[in-house]
Amino acid sequence: MSSAAFTIRTPEECERPAILAVICAAFGQEDEAHLVDTLWVAHAITHEFIAEADAVIIGYSAFSEVTAR
């Protein structure tokens, strides 16, 4: 993998297992991956992106709506 070359793009649904693996590796536990999976099931993610280098997912970002009271 080159040190500076990566692409940001929207993920495909078939990439979800790889995304969950990246999240688990980043946080060292499965809690955050379960949260993302729950948001997917609820169709609550409004925007999401992956970082990819050499055809490998190396990062993930997601946004969902919240209501502040």
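The values are calculated or read from the model by the stated rules, or taken from the named source; none is laboratory data. This one's a predicted model, so the numbers in the text were calculated from it and none came from an experiment. Note that each Cβ is placed from the backbone with ideal geometry, even for glycine, and that neighbours are counted across all protein chains shown. Accessible surface is based on the protein model in full, side chains and every heavy atom, while ligands, DNA and RNA are left aside. Shrake-Rupley method; radii C 1.70, N 1.55, O 1.52, S 1.80 Å.
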Between the Cα axis of helix 16-27 and the main Cα principal axis of the chain, the angle (0 to 90°, nearest 10) is 90
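How much of the accessible area of the chain, in percent, comes from carbon and sulfur atoms when a 1.4 Å probe is used?
That share works out to 57 percent.
Can you tell me the dipole magnitude for the chain around its Cα centre, using point charges on the Cβ only (Lys, Arg +1; Asp, Glu -1), in Debye to the nearest 20?
Details: 3 positive and 11 negative charges, 39 e Å.
Taking the Cα centre of the chain as origin, the dipole is about 180 debye.
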Options (i) 3, 12, 18, 20, 17, 13, 10, 5, 1, 0; (ii) 3, 18, 33, 30, 13, 3, 0; (iii) 3, 16, 27, 24, 17, 8, 4, 1, 0, 0 for P(r) over Cα pairs in 5 Å bins from 0, in percent; the value derived from the coordinates is listed as (iii)
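Just to confirm a number: summing +1 for Lys and Arg and -1 for Asp and Glu over residues other than residue 57 whose beta-carbon lies under 14 angstrom from that of residue 57, what do you get? Intermediate values should be presented prior to the final figure.
Numbers: positive: 9, 16; negative: 12, 13, 15, 48, 52, 54.
So the environment of residue 57 carries a net charge of -4.
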Contour minus Cα-Cα span, residue 63 to residue 6, at 0.36 nm per residue, comes to 18.4 nm
